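Right, one structure below, let's go through it.
The values are calculated or read from the model by the stated rules, or taken from the named source; none is laboratory data. Only a predicted model underlies this, so the values are computations on that prediction, with no experimental measurement involved. Cβ sites come from the backbone with ideal geometry, for glycine too, and all protein chains shown count toward neighbours. Quick note on the areas: whole protein, heavy atoms, side chains included, nothing else; ligands and nucleic acids left out. Shrake-Rupley method; radii C 1.70, N 1.55, O 1.52, S 1.80 Å.
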Amino acid sequence: MKTSWVALLLLGSFLLAQDIPSPKTSQHKSKASKDEVTVQGCVGRSSGDYVLTKQNPAITYELQATGKTRLRNYLGQHVEVTGSEGPTMSSSSDALNKTGSASSVTLTITSIRTIDKECTSR
């Protein structure tokens, strides 16, 4: 009888241990969500690249589409983009935004939605 209880407790602890997610996995998921940003702006083209121009503060992002996202469908529209930031992928000296400085941030898109079909200066 004593052996049965020990075996039952041991089996229960193994099953319980399998249901608890490891802390390493939980940290990885929260880190990924911290890296994502959501930005609103207008989609345009610069030196063959798609860019998102944000007005307040004035920042230009080089856009990198993922999956089946077709950025040409959003050209000239005011959009909200969610994605992860990284250093610019363009090394061209022509990749200058309107202020005369190179775009320093690439935004790899995870989602995009139209806010307005036309960009207006505000």
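To keep it simple, each residue is scored yes or no on (1) polar (S, T, N, Q); (2) more than 15 Å from Leu107 (Cα to Cα); (3) open to solvent by less than 60 Å² (accessible area, probe 1.4 Å); (4) modelled with pLDDT of 50 or more.
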site: Ser4; (1), (2), (3), (4): yes, yes, no, yes
site: Arg45; (1), (2), (3), (4): no, no, no, yes
site: Gln55; (1), (2), (3), (4): yes, yes, no, yes
site: Thr60; (1), (2), (3), (4): yes, no, yes, yes
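Of all residue pairs spaced 6 or more apart or on separate chains, those with beta-carbon atoms under 7 Å, a first member in segment 46-61 that is without any contact (Cβ under 8 Å) to a residue 40 or more places away in the chain and a second member that is in a strand (DSSP E or B) and open to solvent by 50 Å² or more (accessible area, probe 1.4 Å) are Lys54/Gln40.
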